[in-house]
Structures are given as C-alpha cells and as structure tokens.
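Contents: one structure, followed by commentary.
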Amino acid sequence: MTLTYYLVLAAILFTIGAVGVLVRRNAIVVFMCVELMLNAVNLTLITFARSTGTVDGQIIALFVMVVAAAEVVIGLAIIMSIYRTRRSASVDDANLLKY
Amino acid sequence: MNGVVIGTGEAVAFWVLGPIALAGALGMVFSRNAVHSALWLITTMVSLGVFYVIQSAPFLGAAQIIVYTGAIMILFLFVLMLVGRDSSDSVVETLRGQRVAAAVLGVGFAGLVGAGIARATEGLVGTGLGADGGNDNITAIAELLYTRYLLAFELTGGLLIVAAVGALIYTHVERDPGSRRTQKELSRARFLTDRPQTLPGPGVYARATSVAAPALLPDGGTTPDSFATGIEPQEVDQMPRPTGRGQLGSPDAALGTLDPAPLEGTDGGHRP
C-alpha cells in the first residue's frame with residue numbers, strides 16, 4: 001500500500017460529489033455535495049503534504065476549511081431567503097432570472 | 001529522512017475506513033431524504049478526519065471533526081429543519097437523460113482522474129513529515145501560518161466577518177412597527193377557520209413513546225390529524241380489546257401478563 005491509494009480514494013470521493021451536484025435537485029443537498037468535494041481535495045492536500053515533507057499542504061487545507069465554513073454560512077442564508085420567497089428549496093424553482 | 005513507511009495498522013485502517021467513506025458518499029447522493037444525506041455525509045467526514053490523523057495531520061483531523069461534523073453539519077441540519085424536512089427531492093427528471101449523462105460523466109471522470117493519479121504517483125515514496133506530523137504538528141503549522149501565510153490568515157479573518165454579517169443581512173426580516181398581529185387578531189383569525197381547536201396530540205400513552213405513534217379514536221382507528229409531519233405513522237400494537245362483558249377479565253388477562261402455564265389447582269395468585 002502506498003500513498004497513491006489515498007489519492008485515488010480522494011479522486012473517487014470528488015467524483016461522487018460532482019455527480020451529486022449534477023443530479024440532486026434539493027439546494028441543501030447540492031451544498032452538501034460541494035462540501036464533499038472540498039473534503040476530497042483536503043485529503044489530497046494532506047497526502048501531498050505528507051509526501052513532500054512540508055506542512056504547507058496542511059495550511060492550505062486549513063484555509064480550505066475556513067473558506068468552506070464561510071461559504072456554507074452564506075449559501076445556507078441564501079437558501080433560507082429563497083425559501084422564504086419561493087416556499088421551496090429546489091434548485092428548479094429558483095428560475096426568476098431565466099426569462 | 002527515510003521516507004514514508006506505511007505499516008500494517010495504517011493499511012488496516014485504510015481498508016476499513018475507505019469503504020466506509022465511500023459508502024457514506026454514495027449514500028449521501030442516493031438517499032432521497034435530505035436528513036439521511038446529511039447523516040451519510042457526517043459518516044464520510046468523520047472517516048476523513050481519522051485519515052487526517054493517520055496521515056500525520058492531527059491538528060487538521062481534530063479541526064475536521066470539530067468544524068465540519070460539529071459545526072457545519074449541525075448548521076446544515078438546522079437549516080433542513082427550518083426549511084422543512086419534507087422538502088425532499090422530486091423524482092421527476094427535469095432535463096431528459098440528465099441522470100444517465102451525469103453517471104457516465106462520473107464514471108469517466110473517476111476513471112480518468114483516478115487512473116491518471118495512480119499512474120503519475122506510482123511508487124511514490126514521500127519524505128514524510130517526521131516530528132512535524134507528530135507532537136510538533138501544531139507548532140509547525142503555527143510557525144508557517146504566522147510567518148509565510150500571515151497575509152492570507154489576516155484575510156481569512158476578514159472573510160469570516162463578512163460572511164457572518166452577510167448571513168445576518170440575508171436572513172434578517174424587517175418588520176414595520178405595529179405590523180405584528182396581536183393575540184386578539186390571531187385568535188379571531190383562527191376562529192374563522194374550520195378548526196379553531198388544537199390538533200390532537202400523538203398517541204404516546206399506552207405502548208409507545210414515539211411521536212410517530214398516531215392517536216387512537218374510540219373505535220380503534222387512527223386519526224390522521226395526529227400524524228406528525230414528515231414522519232411515517234407507525235403501527236403500534238394495541239391493548240387487547242374486549243368485545244363483550246364476558247371477555248372482560250382481570251387486569252392481568254387484559255394486559256396479557258398472566259403466567260404462560262399456571263399451575264393446576266391454583267387460581268393464579270400463587271406463583272411457584
């Protein structure tokens with residue numbers, strides 16, 4: 001077993017997250033899939049930090065976590081306000097700007 | 001440095017937690033209920049946190065479990081409960097063939113990226129973090145964070161403040177003073193509806209403590225008004241229902257708590 005296994009696992013997790021973003025209609029679940037993609041990238045960063053023997057990768061992963069937290073806060077607030085006006089959390093119903 | 005040595009313990013942990021993480025990710029994508037999706041995602045995130053600890057990043061492993069599963073996922077669940085748990089996905093495919101296309105894309109993407117990474121990093125022998133990945137991990141991170149990445153760290157603080165204020169602004173609802181309805185107006189409005197009284201509570205009396213147990217009507221049926229929103233009403237085993245005077249025995253007989261084989265000659269009051 002080598003470090004490659006971790007990288008392949010991260011790639012598969014990233015793909016599952018991407019497919020989830022494409023397939024799911026509920027905006028909150030779409031957000032969760034984005035979180036999964038960010039987590040997979042974090043796993044890659046930490047594996048490479050271990051491989052190169054520097055802590056820089058871990059610091060980038062830390063920044064990814066912080067940005068993810070900020071993104072979740074804003075995203076969920078937007079979903080809340082969309083839900084207030086449209087009474088739905090589905091991404092199909094937020095189509096006012098379409099026409 | 002003598003390179004990364006992956007021991008048996010790490011291999012075992014990988015082969016146990018890796019499938020769990022994968023199953024969590026797949027369960028999140030495929031479960032129809034959004035709350036189940038969140039719980040599956042928590043499974044994946046905890047496994048990834050353990051991976052971080054194994055991969056000589058103990059600080060990030062703790063941060064993963066505290067920040068992601070402890071704060072972010074709770075925020076997700078909080079919003080799910082606010083928005084309405086029953087706002088689950090529709091099964092209708094709005095774009096024709098989208099799911100098949102997404103599945104093909106997923107398999108192709110995973111194959112390409114996975115195979116590419118596997119080929120590129122084949123036989124990768126890393127240097128390993130040494131003490132920086134062990135007890136000195138926090139010190140090593142702090143040294144870098146407050147020197148080389150200081151500007152980014154400061155900007156992160158600004159980002160968090162902007163995010164917090166933005167969330168407040170997005171979710172704030174401005175009400176004109178005096179526009180709030182009084183208790184009297186609310187009461188009048190309620191008496192104009194078909195149902196001025198409260199809904200019947202769930203049947204949590206005799207044999208169930210779950211809010212999913214529906215309330216019973218005198219004829220033994222369940223009343224749909226008592227169903228909790230978003231929970232499937234459960235079938236609760238009911239008390240034995242005597243149909244006539246002759247069947248009304250002692251309380252023991254009604255509850256079914258008699259001895260299975262009472263001794264002959266005794267009337268049940270004396271137990272061996």
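Which whole-number percent of Cα pairs in the range B:50-175 have a distance greater than 22 Å? Please report the intermediate quantities before stating the final value.
On the way: 5377 of 7875 pairs.
Distances greater than 22 Å cover 68 percent of the Cα pairs.
Binned at 10 Å from 0, what are the whole-percent values of the Cα-Cα distance distribution for the range B:105-152, short to long?
Once binned at 10 Å, the Cα pair distances of the range B:105-152 give 22, 23, 23, 30, 2.
List the relative contact order of chain A as a percent without decimals, with contacts defined as Cα pairs under 8 Å and 6+ residues apart.
28 percent.
What FRET efficiency, computed as 1/(1 + (r/R0)^6) with R0 = 30 Å and r the Cβ-Cβ distance, is obtained for B:V12 and B:A118, rounded to the nearest 0.05?
So the FRET efficiency works out to roughly 0.90.
Given R₀ = 45 Å, what would the calculated FRET efficiency be for A:T2 paired with B:T222, taking r from the Cβ atoms and rounding to 0.05?
0.15
Quick one: go through the range A:4-32 and flag any residue whose amide nitrogen is under 13 Å from the point 7 Å out along the Cα-to-Cβ line of B:T94.
Hits in the range A:4-32 for B:T94 at 13 Å: A:22-28, A:30.
FYI, it's all coordinate maths here, none of it is from the lab. None of the values given here were measured: they were computed from a predicted structure. As a convention, Cβ positions derive from the backbone with ideal geometry for all residues, glycine included, and neighbour counts pool all protein chains shown.
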